[in-house]
Amino acid sequence: MSQTVHLREALAAVPAYKPGKPAVVREGLTTYKISSNENPYPPLPGVLKVVADAAREMNRYPDLAVTALTEALAERLGMPRERIATGTGSVGLLGQIIAATCDPGDEVIYSWRSFEAYPIVVAIAGAVSVQVPLDVNARHDLVAMAAAITPRTRVILVCTPNNPTGPVVHQSELDAFLDTVPGDILVVIDEAYLEFVTDDRAPDSLAAYAGRPNVVVLRTFSKAYGLAGLRVGYAVAHEPVAQALRKTAVPFGVSTIAQAAAIASLAAFDELQERVDALVAERVRVVGGLCRQGWHLPETQANFVWLPLGADTLAFAAAADEAGLVVRAFPGEGARCTIAEAEANDLLLHVARDFVVARTF
Ligand SMILES: *Cc1c(COP(=O)(O)O)cnc(C)c1O
């Protein structure tokens, strides 16, 4: 009777996901949460209306096959439906990918530091993370990643732009890399921040790799489309892989509301693109301001900037917090700060300048 429940040993290796803290409410101080790369704009009225209508049917299960959204995506992307799989955000799809490819002890290669969900989904499956350090410019070191391949390698994750540092992988680099990766290893191109990319050296992955059966492209409605709270994303892959991802999806995972909101958001793409353009303009302004203050930053193509603060990271996060800004601190490494409303961006520039001045004297 006193026995404890048997839990898988692999769970001991699962790191806890640290969500961005909510902004602490302080009297007389407007606070901004710039720790989770969320879209600062409220939902479009048209999307809200569709969500409200869909909510009327929440006594019913969603469409298991996610038919209408898959068709809308196929049309927008110019892809056959069979090559699309949906999931509860790209994080859900990452879990589906690992479940479809990895047995315990199999290896998944990715850069580090990169997206915090990677070590979690890998460890849950009992697979093994092989983390390859970013290069001195906080970019993927694809040569080192290719060199890390072993007979146990099943998946390689390429995060472009890289969360939390910001740089993109260039198409020329990715082409050369893919030429060296054996065809039985799945290469995942995680494009969560694709819509914010303006560097034309970044790949047009869907077009460039349509002919490579071992490439899967991951996209999400959470960032540019502003649907982080609804949990919906998709993968584009060759048919056997897409089919495997549909098999490993949580049944009924993508809600009716999320499916409807995603379809409405695709239809409202132009309106959303204006918001993305405004955020990119703010990114350019913030990066310019920080550079003039003397910061040396990796080249971000996403909706965030990475301040490589090293040992000063926690002190910076505390100073930001004091001023009403919640940033994402990685102790000993740096702080990731989301480009948000102009007031928050101004405040970030302010805090960063004061921090530089305080450190200089
Ligand atoms: C935010 C993010 C995602 C998206 O996650 P969702 O589950 O779709 O909300 C995926 N990959 C990276 C690198 C991210 O930063």
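Among the residues that make up the stretch 213-236, is at least one of them among the charged types (D, E, K, R), more than 12 Å from the ligand (Cβ to nearest atom), in contact with a helix residue (DSSP H, G or I) (Cβ under 9 Å, 6 or more places away or on another chain) and farther than 17 Å from His170 by Cα? No, the stretch 213-236 contains no residue that is among the charged types (D, E, K, R), more than 12 Å from the ligand (Cβ to nearest atom), in contact with a helix residue (DSSP H, G or I) (Cβ under 9 Å, 6 or more places away or on another chain) and farther than 17 Å from His170 by Cα. I'm checking my understanding of the structure. Among residues of the stretch 304-361 that are closer than 21 Å to Glu38 by Cβ and aromatic (Phe, Trp, Tyr), which one is surrounded by the fewest Cβ atoms within 10 Å (Cβ to Cβ)? Across the stretch 304-361, the extreme among qualifying residues is Phe330. Here the stretch 164-190 is the region considered, the condition is being part of a loop (DSSP other than H, G, I, E, B) and among the small types (Gly, Ala, Ser), and the residue that is nearest to Glu116 (Cα to Cα) is Gly166.
Of the residues making up the stretch 121-163, those that are over 11 Å from Val108 (Cβ atoms) and surrounded by fewer than 16 Cβ atoms within 10 Å (Cβ to Cβ) are Pro133, Asp135, Val136, Asn137, Val143, Ala144, Ala147, Thr150, Pro151.
Looking at Ala268, Ala260, Ala264, Ala278, just one residue is more than 16 Å from the ligand (Cβ to nearest atom), without any contact (Cβ under 8 Å) to a residue 12 or more places away in the chain and within 26 Å of Leu44 (Cα to Cα), and that residue is Ala278.
Taken over the stretch 66-94, the criterion of being more than 23 Å from Leu134 (Cα to Cα), assigned to a helix (DSSP H, G or I) and not aliphatic (A, V, I, L, M) is satisfied by Thr67, Thr70, Glu71, Glu75, Arg76, Arg81, Glu82, Arg83, Gly89, Gly92.
Restricting to the stretch 269-303, count the residues that are crowded, with 17+ Cβ neighbours inside 10 Å and of a type outside the set (Val, Ile, Thr).
13
Looking at the structure I just gave you, is Ala99 modelled with pLDDT of 95 or more, over 18 Å from the mean Cα position of the chain (by Cα), assigned to a helix (DSSP H, G or I) and away from the ligand (no atom under 14 Å from the Cβ)? Spelling it out, Ala99 is indeed modelled with pLDDT of 95 or more, over 18 Å from the mean Cα position of the chain (by Cα), assigned to a helix (DSSP H, G or I) and away from the ligand (no atom under 14 Å from the Cβ).
Cβ-Cβ contacts under 7 Å between residues 6 or more apart (or on different chains), taken from a first residue in the stretch 161-179 that is of a type in the set (D, E, K, R) to a second residue that is more than 16 Å from the ligand (Cβ to nearest atom) and part of a helix (DSSP H, G or I), are listed as Glu173/Leu142. Within the stretch 78-101, one or more residues are farther than 19 Å from Asn214 by Cα and surrounded by fewer than 18 Cβ atoms within 10 Å (Cβ to Cβ). Can you tell me which condition Leu48 does not meet? The list is (1) outside any helix (DSSP H, G or I); (2) farther than 17 Å from Thr220 by Cα, and all the others hold. Leu48 satisfies all of (1) outside any helix (DSSP H, G or I); (2) farther than 17 Å from Thr220 by Cα except (1).
Gly89 meets all of the listed conditions (1) within 11 Å of the ligand (Cβ to nearest atom); (2) more than 20 Å from Lys247 (Cα to Cα) but one, namely (2). Does Arg353 satisfy the criteria of being basic (Lys, Arg), in contact with a strand residue (DSSP E or B) (Cβ under 9 Å, 6 or more places away or on another chain) and at pLDDT 95 or above? Considered against the rule, which asks whether it is basic (Lys, Arg), in contact with a strand residue (DSSP E or B) (Cβ under 9 Å, 6 or more places away or on another chain) and at pLDDT 95 or above, Arg353 comes out as no. Determine whether the stretch 121-136 contains at least one residue that is more than 27 Å from Ala228 (Cα to Cα), in contact with a strand residue (DSSP E or B) (Cβ under 6 Å, 6 or more places away or on another chain) and acidic (Asp, Glu). Within the stretch 121-136, not a single residue is more than 27 Å from Ala228 (Cα to Cα), in contact with a strand residue (DSSP E or B) (Cβ under 6 Å, 6 or more places away or on another chain) and acidic (Asp, Glu).
Checking the condition part of a helix (DSSP H, G or I), closer than 26 Å to Tyr17 by Cα, within 14 Å of the ligand (Cβ to nearest atom) and of a type in the set (Phe, Trp, Tyr), which residue from Tyr110, Tyr118 passes? Among Tyr110, Tyr118, only Tyr118 is part of a helix (DSSP H, G or I), closer than 26 Å to Tyr17 by Cα, within 14 Å of the ligand (Cβ to nearest atom) and of a type in the set (Phe, Trp, Tyr).
The values are calculated or read from the model by the stated rules, or taken from the named source; none is laboratory data. In this text, all values refer to a predicted model and were calculated from it rather than measured experimentally. Using ideal geometry, Cβ is built from the backbone for each residue, glycine included, and neighbour counts are taken over all protein chains shown.
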